[in-house]
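The values are calculated or read from the model by the stated rules, or taken from the named source; none is laboratory data. Because the structure is predicted, anything quoted here is derived from the model rather than measured. Backbone-built Cβ (ideal geometry, glycine too); neighbour counts: all protein chains shown.
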Amino acid sequence: MIDDLAWFLRPPLSRKDPRPSHALLALAAIGPASAVLLPEALENAAVLVETHQRRESVMEWLTALGPAASPACKLIDAVLAEKPAEVPKSLRNAAKRARKAISGE
C-alpha cells in the first residue's frame, strides 16, 4: 500500500490534483511505518509544497513520523520563516506541531 501511495507523490503533478494531499494524509494515518518514503518525498519536495493544502498535508505526515522526520526540518523551517500574513494559520500551526513532534517535546 505504501508503494501505491508513493506513486501519487512523484512528478509530474498538476497544482490542482488533490491526490498528493490525500496520499500524504494516508501516510500520516499509517504513521512511522511510512518513513521509508521520506527520502523520495524529500527529493520531490518542490512539487509537494506547491500549494498550501499540500504543504499542510506534508506537515501532518511529518508530525505522524515524529523524530524519524528530522531530515525534513528544512521544510518545516521554511514554513515557519514565512511572514504570518503569507501563510494560512492552519499551515503555520501544522508546522509548529511537526517541529514539536520531531523534537520530541
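For region 7-20, the criterion of a residue being more than 11 Å from the chain's Cα centre (by Cα), hydroxyl-bearing (Ser, Thr, Tyr) and not in a helix (DSSP H, G or I) is satisfied by at least one position. Scanning region 12-46 for residues that are closer than 15 Å to ILE2 by Cβ and among the hydroxyl-bearing types (Ser, Thr, Tyr) turns up just one, SER34. Selection of first residues in region 14-39 that are closer than 15 Å to ALA98 by Cα and of second residues that are surrounded by 13 or more Cβ atoms within 10 Å (Cβ to Cβ) and of a type in the set (A, V, I, L, M), restricted to Cβ pairs under 6 Å at least 6 apart or on distinct chains, gives the following pairs, ordered by first then second residue: LEU24/VAL58; LEU27/LEU5; ALA28/ALA64; GLY31/ALA64; PRO32/LEU65; PRO32/ALA68; ALA35/LEU65; ALA35/ALA68. Out of VAL79, VAL49, one residue alone is over 22 Å from LEU5 (Cα atoms) and surrounded by 14 or more Cβ atoms within 10 Å (Cβ to Cβ). It is VAL79.
When restricted to residues that are among the acidic types (Asp, Glu) and assigned to a helix (DSSP H, G or I), region 44-73 contains 2.
Report, ordered by the first and then the second residue, all pairs with beta carbons closer than 7 Å, sequence separation of six or more or different chains, a first member in region 1-13 that is surrounded by 17 or more Cβ atoms within 10 Å (Cβ to Cβ), and a second member that is at pLDDT below 90 and among the aliphatic types (A, V, I, L, M). Qualifying pairs under 7 Å: none.
Return yes or no: is ILE102 under 14 Å from LEU42 (Cα atoms) and in a helix (DSSP H, G or I)? For ILE102, the condition - under 14 Å from LEU42 (Cα atoms) and in a helix (DSSP H, G or I) - is not met.
Filtering region 79-97 to residues that are more than 21 Å from ALA64 (Cβ to Cβ) and assigned to a helix (DSSP H, G or I) leaves ALA81, PRO84, ALA85, GLU86. Answer yes or no as to whether LEU9 is under 18 Å from THR63 (Cβ atoms), of a type outside the set (Gly, Ala, Ser) and at pLDDT 95 or above. Judged against the criteria, LEU9 is not a match.
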